[in-house]
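Shown next, in structure tokens, is the structure this report addresses.
Computed from the coordinates by the stated procedures, all read-outs in this text should not be read as laboratory data. Not measured: the values here are computed from a predicted model. Note that each Cβ is placed from the backbone with ideal geometry, even for glycine, and that neighbours are counted across all protein chains shown.
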Amino acid sequence: MERTEQELDEMFDQAEISAKIADLTEPRALSAHYDRDTERIVIQLRDGSTFMFPSRLGQGLMDASAEDLAAIEITPSGYGLHWENLDVDLSVPSLLKGIYGTRAWMAQLQAIA
């Protein structure tokens, strides 16, 4: 099904509006760093709030070196955190809900606690 140029323009405009609403209402990272003193990942959110969690809770982060933990990248949308050397990706909205990995990982964490 081919779309007209007008339909495509309308779809693009709607996508821009949706993205702006999401920027204002959904949790997204502005910056993130590893605090070596507390061994926590600290996330500054775009709304000005801060969230932190013990790095050992994040799936794939438990046995990582401080150097690797410090190499956090934020996805362009701000939805995710990425550690290239560790091949780890975590979702900011999930972290805020206390979800630090897959269901299996969360079950493993509960077994440890």
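Tabulated data
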{"item": "Acute angle (nearest 10 degrees) that the helix 5-25 long axis makes with the longest principal axis of the chain, alpha-carbon atoms", "result": "30"}
{"item": "Over the stretch 1-83, equivalent-ellipsoid semi-axes from the Cα gyration tensor in Å", "result": "37, 14, 8"}
{"item": "Dipole in debye (nearest 20) - the chain, about Cα centre, beta carbon charges: Lys, Arg +1; Asp, Glu -1", "result": "760"}
{"item": "Listed residue (LEU81, ALA104, GLN6) projecting farthest to the positive dipole end of the chain, Cβ model", "result": "ALA104"}
{"item": "Degrees separating the helix 103-112 axis from the principal Cα axis of the chain, which is the longest one", "result": "20"}
{"item": "Candidates THR38, THR75, THR50: whichever shows maximal mean-square fluctuation once the chain is modelled as a Gaussian network with Cα springs under 10 Å", "result": "THR38"}
